[in-house]
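The block underneath contains the structure these notes are about, expressed in structure tokens.
The values are calculated or read from the model by the stated rules, or taken from the named source; none is laboratory data. All values reported here derive from a predicted model rather than from experimental measurement. We place every Cβ from the backbone using ideal geometry, glycine too, and count neighbours over all the protein chains shown. For accessibility, only protein heavy atoms count, side chains too; no ligands or nucleic acids. Shrake-Rupley method; radii C 1.70, N 1.55, O 1.52, S 1.80 Å.
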Amino acid sequence: DVKVTQSSRYLVKRTGEKVFLECVQDMDHENMFWYRQDPGLGLRLIYFSYDVKMKEKGDIPEGYSVSREKKERFSLILESASTNQTSMYLCASSPHTYEQYFGPGTRLTVT
Amino acid sequence: QQQVKQSPQSLIVQKGGIPIINCAYENTAFDYFPWYQQFPGKGPALLIAIRPDVSEKKEGRFTISFNKSAKQFSLHIMDSQPGDSATYFCAASRDAGNMLTFGGGTRLMVKP
């Protein structure tokens, strides 16, 4: 069974704080993704990585950065959190096929 | 700019009814169209997917209908059950293992 875990289910941060969201997958997948989910907007891709130390911008990368130092771990970084980054963040991984496997999500609130 | 448009945003049906969720896309390079199901507190999970070389695909009570000329595809749930209550997302992709573009989601409630 594929398992994608995210470091926190709920997180509350203050405006201007640096925020780290961690994602770990245990299936040796090459590809990993970070999405944010907002009502009515579906899932929007922030960044994805197709290999260690490789990254590509998705549809909404502004205000975010990522790090992938090991194949199983993909981190999303909010350099200076803002209230408009309050959202549900979902991590996913996939092998070189189409199906993506999602983690349970981190609900981030920025006050 | 949303490349995959999904409707309706919410849907309520009685048990045994056939909810239909529709999606329309713009990019003719898309070649893979999955549907994901998400229960509260969980991440989305792949439900069923179709390629554009077929017009219909069935898996159990779930059917995708695909209309390439109209650039539309839809999910039908036969004999819907309260356990099908979830949020459904359509998506599209043009490269294996690459980015998925998601629709806005449909919140389905199946009443007992």
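Brief remarks follow.
- Search result, residues across the range B:57-104 that are assigned to a loop (DSSP other than H, G, I, E, B), of a type in the set (A, V, I, L, M, F, W, C) and closer than 27 Å to A:His96 by Cβ: B:Ala96, B:Met99, B:Leu100
- A:Gly105 falls short on exactly one of the conditions (1) at pLDDT 95 or above; (2) more than 8 Å from every other protein chain (Cβ to nearest Cβ), and that condition is (2).
- Among the residues listed as B:Val110, B:Val4, the single one being away from every other protein chain (no Cβ under 14 Å) and buried (at least 18 other Cβ atoms within 10 Å of the Cβ): B:Val110
- Residues located in the range B:1-24, provided they are at pLDDT below 95 and assigned to a loop (DSSP other than H, G, I, E, B): B:Gln1, B:Gln2, B:Gln3
- Residue list for the range B:25-48, filter: hydrophobic (A, V, I, L, M, F, W, C) and either surrounded by fewer than 18 Cβ atoms within 10 Å (Cβ to Cβ) or part of a loop (DSSP other than H, G, I, E, B) (or both): B:Ala29, B:Phe30, B:Phe39, B:Ala45, B:Leu46, B:Ile48
- Qualifying strands (runs of 3 or more DSSP E) (wholly inside the range A:1-89; at least 3 residues being open to solvent by 20 Å² or more (accessible area, probe 1.4 Å)): A:10-13, A:19-25, A:31-38, A:42-51, A:54-57, A:64-70
- Only a single criterion out of (1) modelled with pLDDT of 95 or more; (2) open to solvent by 40 Å² or more (accessible area, probe 1.4 Å); (3) among the hydrophobic types (A, V, I, L, M, F, W, C) is not satisfied by B:Cys90, namely (2).
- Among the residues of the range A:45-69, those identified as at pLDDT below 95 and basic (Lys, Arg) are A:Lys53, A:Lys55, A:Lys57.
- Meets criteria (of a type in the set (Asp, Glu) and open to solvent by less than 30 Å² (accessible area, probe 1.4 Å)) for B:Asp84: yes
- Looking only at residues of the range B:49-81 that are among the small types (Gly, Ala, Ser) and within 19 Å of B:Tyr25 (Cβ to Cβ), we find that the one that is most open to solvent (accessible area, probe 1.4 Å) is B:Ser69.
- Cβ separations smaller than 6 Å between residues 6+ apart or across chains give the following pairs from the range B:21-35 residues that are more than 10 Å from chain A (Cβ to nearest Cβ) and over 12 Å from B:Arg94 (Cβ atoms) to residues that are small (Gly, Ala, Ser) and open to solvent by less than 20 Å² (accessible area, probe 1.4 Å): B:Asn22/B:Ser74; B:Cys23/B:Gly103.
- Matching residues, the range A:90-111, being at negative phi and not in a strand (DSSP E or B): A:Pro95, A:His96, A:Thr97, A:Tyr98, A:Glu99, A:Gln100, A:Gly103, A:Pro104, A:Thr111
- Looking across the range A:33-51 at every residue that is in contact (Cβ under 8 Å) with a residue 24 or more places away in the chain and in contact with a Lys or Arg (Cβ under 7 Å, 6 or more places away or on another chain), the one that is farthest from B:Gly104 (Cα to Cα) is identified as A:Ser49.
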